[in-house]
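> Have a look at the structure that comes next, please.
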Amino acid sequence: MTSTRISDVEDEAMAEYALGLDDDYRSWPSWCTSLSRRTEAPTHVELFSYTEYPLSITDASNYRVAIRLIRDAADKGRDDTAASGEHLVEVDGSAMHYGSATVLYVQVYEGGCKTDCPGTHTDECEPDCDPDLDFCFGDACEGDCHGTRRYTAAFREAVALAEGVKHGYPLLDEEDYSELEDEVFQENLQLALDEVRREFDLDEEHDHEAIVERAHNGLRDLKYEAWSAGDVSTRKVAEVYAVHRDAYFDDRARDFLWGAMHGQVELFAV
């Protein structure tokens, strides 16, 4: 899958997302590559994120699809992955103050300039403007480097994808979403089966496995009865399991009764 929206994204939209670097730039949600955030202006802004608890399958799927496409855009035409390694920063839950979120930050501009960059001064500068004085920063100067910076390919791709999700279809890749939904369902189903299994602790493990195999279709159908994607009702799992457990042991008993017994004549059904 490749993005088809980059050419449709207007400069206004790019500038809107880049605002994360301005004003309150030393605080979340902006990010900088330097360990000393007090002295360096941020270089990256947040574009995609998801949380583990509670998990939004839509957000998680869009995140893993987006990061792949953004990496590809950053490294396009290169023999290495240096660009994506620099232009993309992932911050997992262990570093975030609001829980288990995983956040993707993308570098906005190619290169960039230092916080105290004086810019390119022209005749349009304010009176007494001195390019060597820190207080100037080039903010009031025509043609300063802030006005000539180029957006990174990673940022352009990221904004295109974010705009597509925001104003178009909410899923970046339906196939990926379905795969992730099934992964989550299988994990939750296994947790529910483990809980149900403890209620029949006298059953042999091979009996439990045989029951689950018999109940496969019934358990699978629970995926389409969930209130939200990937969820599993332990109560419904227990109900399906109980029905197939009864049928399983009924068959075991019938096989035993009709089977050959040592020292007796074998019975045959008429």
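This table checks each residue for (1) at pLDDT 85 or above; (2) in contact with a Cys (Cβ under 9 Å, 6 or more places away or on another chain); (3) more than 30 Å from Ser178 (Cβ to Cβ); (4) not assigned by TED's automatic domain parsing to the domain that holds Thr58.
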| residue | (1), (2), (3), (4) |
| --- | --- |
| Glu195 | yes, no, no, yes |
| Glu199 | yes, no, yes, yes |
| Glu205 | yes, no, yes, yes |
| Ala210 | yes, no, no, yes |
| Arg220 | yes, no, no, yes |
| Ser228 | no, no, no, yes |
| Ala247 | yes, no, yes, yes |
| Asp251 | yes, no, yes, yes |
| Phe268 | no, no, yes, yes |
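> Could you pull out every one of the helices (runs of 4 or more DSSP H) wholly within region 1-101 that has 3 or more residues that are of a type in the set (Ser, Thr, Tyr) and at pLDDT 70 or above? Show your work before the answer.
Working: elements: 11-18, 57-75, 82-87.
It comes to 57-75.
> Sort through Leu202, Leu172 and tell me the only one that's at negative phi, exposed (fewer than 15 other Cβ atoms within 10 Å of the Cβ) and not in a helix (DSSP H, G or I). Steps first, answer last, please.
Details: Leu172 fails: exposed (fewer than 15 other Cβ atoms within 10 Å of the Cβ).
Of Leu202, Leu172, the one residue that is at negative phi, exposed (fewer than 15 other Cβ atoms within 10 Å of the Cβ) and not in a helix (DSSP H, G or I) is Leu202.
> Right, here's the next one. Among the residues of region 121-138, are any under 26 Å from Glu46 (Cβ atoms), surrounded by 14 or more Cβ atoms within 10 Å (Cβ to Cβ) and at pLDDT below 55?
Residues of region 121-138 that are under 26 Å from Glu46 (Cβ atoms), as a first pass: 137.
Checking the rest, the ones that are also surrounded by 14 or more Cβ atoms within 10 Å (Cβ to Cβ) come to 137.
Imposing the further condition that a residue be at pLDDT below 55 reduces the set to 137.
Yes, because at least one residue in region 121-138 is under 26 Å from Glu46 (Cβ atoms), surrounded by 14 or more Cβ atoms within 10 Å (Cβ to Cβ) and at pLDDT below 55.
Table: residues versus (1) charged (D, E, K, R); (2) more than 12 Å from Leu189 (Cα to Cα); (3) over 35 Å from the mean Cα position of the chain (by Cα).
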site: Glu213; (1), (2), (3): yes, yes, no
site: Asp221; (1), (2), (3): yes, no, no
site: Ser228; (1), (2), (3): no, yes, no
site: Val232; (1), (2), (3): no, no, no
site: Tyr241; (1), (2), (3): no, no, no
site: Arg245; (1), (2), (3): yes, yes, yes
site: Phe249; (1), (2), (3): no, yes, yes
site: Ala253; (1), (2), (3): no, yes, yes
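> Another question, then. I'd like the full set of residues that are outside any loop (DSSP other than H, G, I, E, B), within 22 Å of Ala60 (Cβ to Cβ) and in contact (Cβ under 8 Å) with a residue 12 or more places away in the chain, limited to region 211-229.
Passing the criteria: Leu222, Lys223.
The values are calculated or read from the model by the stated rules, or taken from the named source; none is laboratory data. If you're wondering where the values come from, they're calculated on a predicted model, not measured in any experiment. So basically every Cβ, Gly included, is an ideal-geometry build from the backbone, and we count neighbours across all protein chains shown.
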